[in-house]
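To start, the structure under review is shown below, and the notes come after it.
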Number of protein chains: 2
Amino acid sequence: MKRAKKKAFSDFIAQKGLKSTRQRDIILDFFLSSAQHMSLEDLYLKLRAKHPGIGYATVYRTLKLFAESGIAREIQFGDGQTRYEHVTEGEHHDHLVCTRCGAIAEFENETIEKLQDEVAAAYGFLIETHKLELYGLCAKCRSK
Amino acid sequence: MKRAKKKAFSDFIAQKGLKSTRQRDIILDFFLSSAQHMSLEDLYLKLRAKHPGIGYATVYRTLKLFAESGIAREIQFGDGQTRYEHVTEGEHHDHLVCTRCGAIAEFENETIEKLQDEVAAAYGFLIETHKLELYGLCAKCRSK
DNA sequence: GGCAAACTTGAAAGTGATAATCAATTACAA
DNA sequence: TTGTAATTGATTATCACTTTCAAGTTTGCC
Ligand SMILES: [Mn+2]
Ligand SMILES: [Mn+2]
Ligand SMILES: [Zn+2]
Ligand SMILES: [Zn+2]
């Protein structure tokens, strides 16, 4: 899984005529073993602890490359920070976002996905992507 | 309808101890007769044509007040611009957003809404708001 | 290995939308 | 009418990216 993504990224690098660098390797390793939905700032600060030499711009550009290569995805939960999540082939999920503590849970609902397709069909609309997020209080915050 | 929103806003103003001003009246009138989903920039530039004296900051703050009062809602379609839509009591809808021409269509689907509640219930999550947007090609763009 | 071309890096500067500041103006209750 | 608090508009500041550029690396080819 980590192996597959590393392979996917190096294939992307090669196919694009880009180069393999120490920084990209480090950032990829770090990203793949990090939690989901981390912001660029989060990732940079944590990475910096182990690798002080790596610049913000490099982390920024590399995360963009991950997204472009398909191993990562940028998401916006409306807090003004772009977050990154891992992308697994053939998998899709939507999000529950706690407005109190910031916790993010993922869910899948095949019926909702189908209904979205029906809505789109009714409008003659061709869906490329979609965004479904439920905002509110997670179980923990709710019981406090 | 326009009348009801004007009433709602003036009630909000009164209840908050704020003041009724010429600028707020003008901006409210303009907003209520404008298209849905306009950005602050859009609204400001069009308003400026008729009322050159009104400042950008005033439009910005007044739109925020509309949202706070409940007669408007801020939405983000991921293009980096906050857009405003009219809010009608007891009504809810989600969006279809064309990634080619920017057209925005609205839809309602009660079944999807119910399924969202079920998902939330399964996680012990209390929904406050939600966001469902389908991005892709509208019928027009699709047939070109 | 040596080399040149192309790509990459990190620090710094730039961008664009949103938000805050402040002196002058205005609204409104007493 | 007056005092006080709110509002306005121009300006400045923020914040999260995004780009720039000179110096450093990588890579294919002799
Ligand atoms: Mn996720
Ligand atoms: Mn709408
Ligand atoms: Zn929570
Ligand atoms: Zn279109």
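The values are calculated or read from the model by the stated rules, or taken from the named source; none is laboratory data. These numbers come from a predicted model, not from an experiment. Virtual Cβ from ideal backbone geometry, glycine too; neighbours counted across all protein chains shown. To get the accessible areas, we keep the full protein, side chains included, count just its heavy atoms, and leave off ligands, DNA and RNA. Shrake-Rupley method; radii C 1.70, N 1.55, O 1.52, S 1.80 Å.
Brief remarks on what is shown
- The set of residues from region B:51-77 being open to solvent by 70 Å² or more (accessible area, probe 1.4 Å) and either touching a residue at least 24 places away in the same chain (Cβ under 8 Å) or not assigned by TED's automatic domain parsing to the domain that holds B:Lys7 (or both) comprises just one member, B:Glu68.
- Test result for A:Ile104, open to solvent by 30 Å² or more (accessible area, probe 1.4 Å) and more than 16 Å from B:Leu134 (Cα to Cα): yes
- Some residue of region A:53-62 being in a helix (DSSP H, G or I) and of a type in the set (A, V, I, L, M, F, W, C): yes
- If the condition is being assigned to a helix (DSSP H, G or I), facing chain A (nearest Cβ under 7 Å) and not β-branched (Val, Ile, Thr), then region B:116-132 contributes B:Gln116, B:Ala120.
- Matching option when the condition is in contact with a strand residue (DSSP E or B) (Cβ under 7 Å, 6 or more places away or on another chain), away from chain A (no Cβ under 14 Å) and either assigned to a loop (DSSP other than H, G, I, E, B) or on the phi < 0 side of the Ramachandran plot (or both), among B:Glu41, B:Glu85, B:Glu74, B:Glu106: B:Glu85
- Positions within region A:27-44 being open to solvent by 30 Å² or more (accessible area, probe 1.4 Å) and of a type in the set (A, V, I, L, M, F, W, C), in sequence order: A:Phe30, A:Ala35
- Only residues that are within 16 Å of DNA strand D (Cβ to nearest atom) and free of Cβ contacts under 8 Å to residues at least 24 places away in the same chain were counted across region A:81-130, and they come to 1.
- Qualifying residue in region B:52-71 (condition: more than 16 Å from DNA strand D (Cβ to nearest atom), in contact with a Lys or Arg (Cβ under 8 Å, 6 or more places away or on another chain), away from chain A (no Cβ under 14 Å) and under 23 Å from B:Thr129 (Cα atoms)): no
- Given (1) within 14 Å of the chain's Cα centre (by Cα); (2) surrounded by 15 or more Cβ atoms within 10 Å (Cβ to Cβ), number of the condition B:Gln81 does not satisfy: (2)
- Flag if A:Arg3 is modelled with pLDDT under 95 and either farther than 30 Å from B:Thr82 by Cβ or part of a strand (DSSP E or B) (or both): yes
- Test result for B:Tyr135, facing chain A (nearest Cβ under 7 Å), over 26 Å from B:Lys5 (Cβ atoms), open to solvent by 50 Å² or more (accessible area, probe 1.4 Å) and aromatic (Phe, Trp, Tyr): no
- When B:Ser10, B:Ser20, B:Ser34 are screened for being more than 18 Å from B:Tyr84 (Cβ to Cβ) and not in a helix (DSSP H, G or I), only B:Ser20 passes.
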